[in-house]
Each structure stands twice: as C-alpha cells, then as structure tokens.
Amino acid sequence: MRELPCTTCGAAIPFKSSVTLIAVCPYCASQVLRSDMNLENLGKVAELQEDGSPLQLYSTGTFDGDSFAVLGRIQLKFPEGFWNEWFIDFNSGRQGWLGEAQGLYAVSFKAEAKENLPGFAALEVGRRLTLGGEEFSVRDLRRASYLSAQGELPFKPPLGETAPLADLQGKDDRFATIDYSEEQPILFLGHM
C-alpha cells in the first residue's frame with residue numbers, strides 16, 4: 001500500500017491497488033487523480049447519501065473462491081432510490097464491481113464485447129441479446145445520476161452526470177450490464 005498526501009488538506013490518502021487512478025480523501029472529500037507519484041486535485045465530491053448499506057470501505061469477502069477487499073464506491077441515484085457500485089480488488093489480481101441495490105447484490109467484471117453492442121435507444125425490455133457467447137434478456141432500462149464517490153476507483157466517475165444503463169438477465173443467475181456513460185458502451189458480465 002502506498003499513501004500520498006492530499007493536495008487540499010495534507011492528510012494521507014491510501015492507495016491499496018495498483019490500478020487506482022482516483023481516490024477521495026477520507027478527511028476533506030477532495031477527489032484526486034494519481035499519475036505516478038503526483039496527485040492532481042479534481043475538486044470535492046458531494047456528500048454520500050445515507051442508504052443503509054451494510055458494506056463499508058475495506059470490507060472483505062470471497063467470490064468464486066477468490067478473496068477480495070472493497071476499495072471504493074460510486075453512489076448512483078435512480079427514481080426509486082440509490083444504488084452503490086463497490087470497486088473490489090481480488091487477491092488474484094483481478095478487479096471487479098459489487099453492485100448493491102435494494103438488498104440485491106451482484107458481482108461483475110468488465111468484458112470485451114465480441115458483438116457490436118446496440119445503442120440504448122434500440123433496446124426494449126424483453127429483447128434478447130447474445131453477449132460474450134451467452135444469451136440474455138433485457139430486464140431493465142433506466143437513467144442513473146452519478147452522485148458521489150468514496151475511496152479508490154480505477155477511473156474518474158462522471159459525477160453530476162446522468163447516463164443510460166441497461167440490465168440484462170441470463171441463465172443461472174447470470175447477468176449483464178451495458179453502461180452508456182462513455183462514447184462507446186461498456187459491457188459488464190457477472191452473477192447475482
């Protein structure tokens with residue numbers, strides 16, 4: 001683990017993962033970008049909304065026999081409430097996301113789409129898609145607002161912005177999410 005001084009308040013900001021690019025100071029809520037051993041202040045993040053999550057930074061767990069630690073969180077808002085995307089770092093060296101909404105949990109990993117991902121406007125609930133060689137059905141389409149962040153993250157979250165997201169259900173608790181927050185859609189595959 002490496003610690004670097006916050007560019008705003010001077011407090012030590014831990015960097016536990018080698019892939020971390022962004023960290024939020026636990027003392028002053030400044031979002032900082034790491035480039036080598038230098039930090040650039042990107043401004044303060046909004047206060048996290050109380051959501052009753054039992055998860056916390058540095059919680060640990062196991063998924064598919066691989067231990068992980070929770071290193072960061074992005075808090076999103078949709079019309080029915082909040083959800084968290086927890087950045088998890090595995091002992092094996094891989095990174096993933098632990099999604100949490102309304103008492104439901106899912107672990108996912110960024111995946112390379114072998115197929116062209118459809119545009120958000122082309123999707124409708126119930127439509128079937130083949131992603132990563134598996135068949136999925138669109139179960140939810142929504143726009144989410146990126147509210148706040150905490151801890152370490154592998155990318156700069158688009159805080160303050162709203163992005164379309166598509167959730168898809170597969171067989172045996174498999175699921176997929178297509179994230180339209182960037183110019184090219186991003187595919188995540190996982191298990192509920």
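The values are calculated or read from the model by the stated rules, or taken from the named source; none is laboratory data. A quick note: this is a predicted structure, and the numbers were derived from the prediction, not measured. With ideal geometry, Cβ positions are generated from the backbone for all residues, glycine too; neighbour counts draw on all protein chains shown. The accessibility values were calculated without ligands, DNA or RNA, using every heavy atom of the protein model including side chains. Shrake-Rupley method; radii C 1.70, N 1.55, O 1.52, S 1.80 Å.
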_Restricting segment 121-192 to trypsin sites (Lys or Arg not before Pro) in coil, as DSSP defines it, with at most 15 other Cβ within 10 Å_ = ARG127, LYS171
*Separation in nanometres of the label points that stand 7 Å from Cα toward Cβ, at PHE63 and ALA111*: 1.3
*Quantify, in whole percent, the carbon and sulfur part of the accessible surface of segment 1-140 (1.4 Å probe; protein heavy atoms only).*
48
*the chain, relative contact order in percent, only Cα pairs under 8 angstrom and at least six apart counted*: 18
*From a point 7 Å beyond the Cα of PHE155 in the direction of its Cβ, which residues of segment 20-35 have a backbone N at a distance under 20 Å?*
20-24, 31-35
*Residues of segment 164-192 with amide N under 18 Å of a point placed 7 Å along Cα→Cβ from GLU135*: 168-176
*Projected onto the charge dipole of the chain (+1 at Lys/Arg Cβ, -1 at Asp/Glu Cβ, origin at the Cα centre), which of ALA11, THR62, ALA176 gives the Cα projection farthest towards the positive end?*
ALA11
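Using the Cα atoms of the chain to build a convex hull, what is its mean projected area in square nanometres?
Across all orientations, the chain yields a mean hull projection of 11.1 nm².
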*Measure up LYS110/LYS156; LYS16/LYS156; LYS77/LYS171; LYS77/LYS156 against 19 Å on the Cα-Cα distance and list the ones that go over.*
LYS77/LYS171
*Exactly which chymotrypsin sites (Phe, Trp or Tyr not before Pro) in segment 97-192 are in a DSSP loop and have at most 15 other Cβ atoms within 10 Å?*
PHE155
*Where labels lie 7 Å past Cα in the beta-carbon direction, separation of PHE120 and GLU47 in nm*: 2.9
